[in-house]
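Beneath this line is the structure, given in structure tokens, with notes to follow.
The values are calculated or read from the model by the stated rules, or taken from the named source; none is laboratory data. In this text the structure is predicted, and so the values were computed from the model without any measurement. Neighbour counts run over all protein chains shown; Cβ positions are idealised from the backbone, glycine included.
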Amino acid sequence: MIEVMDDPVSRTTATYDRIARDFDARASRSDGFLAFRQRFADAARGLVTDLGCGPGHDAAWFQEQGLPVIGVDRSIEMTRLAAARGVPTVRGDLRRPPLAPGSLAGLWSSAALLHVPAEETEPTLRAWWATLRPGGVLGLSTSAGDGEGWEPVPYDTEVFRWFVHRHPDTLLATLESAGFEVLEQEMSTWNRTWLSVLARRREV
């Protein structure tokens, strides 16, 4: 990683605007991830949001399963790609979802929290908790590890994204503190090490 003095979220958003079409074309999913996504969909029967939806692959799949869905992303180019797949999209910040409190049966976020600076983890998770209805389900997949910093895009090394690698024990404890009951967790390796968590909004 190299050190770049820039706002991590704004610069990462600009990078996704630039690489949106290449990112879309290169998107892939492991069998384990697909099974995890299915378990989330089975648990979340009602309105779902995909926070950090990117080009809309997961959100479009949720629609195919009969789930009403709203995609949210900061990148205008990503929201355009998601909308082209027929996904209702809102341009917004996943740290402060532009959604009504208690409106969601499920909140899905895959490979998006890993761009949120570490010190903003708990406020972000509390904002997510607020959007879920009582008993609402969270499906979260994010990078596991330690440290944060800039990484060049492998297929466009002139631009960078901010990555945060969260220690699993720390993230699980933060989820509990933010009001979630962790139902399941699993680690997997697919181009990096991932922690996938299925959790439920707990009343606090």
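Note on region 35-49: among residues that are over 15 Å from the mean Cα position of the chain (by Cα) and charged (D, E, K, R), the one that is surrounded by the fewest Cβ atoms within 10 Å (Cβ to Cβ) is ASP42. Scanning region 1-55 for residues that are of a type in the set (Lys, Arg), in a helix (DSSP H, G or I) and at pLDDT below 95 returns a single hit, ARG26. Here region 62-88 is the region considered, the condition is being under 12 Å from TYR16 (Cβ atoms) and of a type outside the set (Gly, Ala, Ser), and the residue that is surrounded by the fewest Cβ atoms within 10 Å (Cβ to Cβ) is ILE76.
For region 153-185: of the residues being in contact with a helix residue (DSSP H, G or I) (Cβ under 7 Å, 6 or more places away or on another chain), farther than 18 Å from THR124 by Cβ and not hydrophobic (A, V, I, L, M, F, W, C), which is surrounded by the fewest Cβ atoms within 10 Å (Cβ to Cβ)? Here the answer is TYR155.
Yes or no, residue by residue, for (1) in contact (Cβ under 8 Å) with a residue 24 or more places away in the chain; (2) not aromatic (Phe, Trp, Tyr):
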position	(1), (2)
PHE23	yes, no
SER28	no, yes
PHE36	yes, no
PHE62	yes, no
LEU67	yes, yes
ALA82	yes, yes
PRO88	no, yes
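Among the residues making up region 2-55, those that are among the aromatic types (Phe, Trp, Tyr) and farther than 20 Å from SER196 by Cβ are TYR16, PHE23.
Of the residues ASP24, ASP31, ASP50, the single one that is charged (D, E, K, R) and in contact with a Ser or Thr (Cβ under 9 Å, 6 or more places away or on another chain) is ASP50.
Considering region 103-124, the residues that are more than 19 Å from SER75 (Cβ to Cβ) and surrounded by fewer than 23 Cβ atoms within 10 Å (Cβ to Cβ) include one that is nearest to the chain's Cα centre (by Cα), namely THR121. Considered as a group, the residues in region 158-173 that are of a type in the set (A, V, I, L, M) and part of a strand (DSSP E or B) include one that is farthest from SER10 (Cα to Cα), and that residue is VAL164. Whether a residue is among the aliphatic types (A, V, I, L, M), under 22 Å from ARG45 (Cβ atoms) and modelled with pLDDT of 95 or more was assessed, and LEU183 passes this test.
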